[in-house]
Amino acid sequence: MIEQTTPQIFTATSAYSLAGVAAIAFIATTGAKLLLPKNARWQDSFTFIWLAFDAMIHFSFEGSFLYLSTFGRSVNTSVGPFAELWKEYTRADARWGTSDPTVVSLEILTVLGAAPMCCYILKQLVNDDPARHYWLVVLSTAELYGGWMTFCPEWLTGSPSLDTSNPLYLWVYLVFMNVIWVVIPLWLMVDSFGHIASSLRQAQTIARAKKE
């Protein structure tokens, strides 16, 4: 009788992948402490940390996925550390292993568009340029659209590529690692809307006072 073994859920690759995410978060936090004034608003410090984290994730993790998924390549047929990292994620969402055209198209915009925009806004934030609030709204809108288009087509077809059979895949890979790109952009949009609306109302009040 052949004994069947249960596949290991949390592997060494799982640990390395999550440790990489934690390391990026640490670097982003350190950057905020070094580059922002000591009296910076907590909202600005949080925004810096998020943008730095966002940019590094896009350039490194997602940039590697884009390389492995274009010009005839795919994650499932590739080798190397980043290939193993993405093979780990494909255990939760199989589309990332097969160069799914919708996913790859969104990642092109993310790596080549959103990541550089994060860096540009970081520069504005360090220089205390209020124009950053416009670009934060643009970036956040793009992030929300990307998340919607990543999962909505899958949901409409019954989620055949998603594996929600265990907590690691469902709550860490699929929920946490995607929901943060919904919750934080929404918060950034609300915060930036407040700054933009306040400035416009103040400018309107001044303009009306000059006419009187």
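The values are calculated or read from the model by the stated rules, or taken from the named source; none is laboratory data. Everything quoted here is computed from the prediction, not taken from an experiment. All Cβ positions, glycine included, derive from the backbone under ideal geometry; neighbour counts span all protein chains shown. Remember, those area values only see protein heavy atoms, side chains included, never the ligands or the DNA or RNA. Shrake-Rupley method; radii C 1.70, N 1.55, O 1.52, S 1.80 Å.
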Name the residue, out of Ala32, Ala19, that is surrounded by 15 or more Cβ atoms within 10 Å (Cβ to Cβ) and either free of Cβ contacts under 8 Å to residues at least 60 places away in the same chain or of a type in the set (A, V, I, L, M) (or both). Ala32
Sort through Ser14, Ser78, Ser45, Ser60 and tell me the only one that's open to solvent by less than 20 Å² (accessible area, probe 1.4 Å), of a type outside the set (A, V, I, L, M) and without any contact (Cβ under 8 Å) to a residue 60 or more places away in the chain. Ser78
Given Ala115, Ala94, Ala131, which one is of a type outside the set (Lys, Arg) and open to solvent by less than 20 Å² (accessible area, probe 1.4 Å)? Ala115
Cβ-Cβ under 8 Å pairs, at least 6 apart or on other chains, segment 168-185 side within 20 Å of Leu51 (Cα to Cα), far side open to solvent by 30 Å² or more (accessible area, probe 1.4 Å) and hydroxyl-bearing (Ser, Thr, Tyr): Pro185/Thr141
Only one of (1) open to solvent by 20 Å² or more (accessible area, probe 1.4 Å); (2) modelled with pLDDT under 95; (3) within 28 Å of Tyr169 (Cβ to Cβ) does not apply to Glu88, and that is (1)
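Could you list, in sequence order, all residues of segment 101-142 that are acidic (Asp, Glu) and out of contact with any Ser or Thr (no Cβ under 8 Å at 6 or more places or on another chain)?
Once the filter is applied, which keeps residues that are acidic (Asp, Glu) and out of contact with any Ser or Thr (no Cβ under 8 Å at 6 or more places or on another chain), segment 101-142 yields Asp128, Asp129.
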Can you tell me how many residues within segment 162-187 are open to solvent by less than 30 Å² (accessible area, probe 1.4 Å) and not in a helix (DSSP H, G or I)? 1
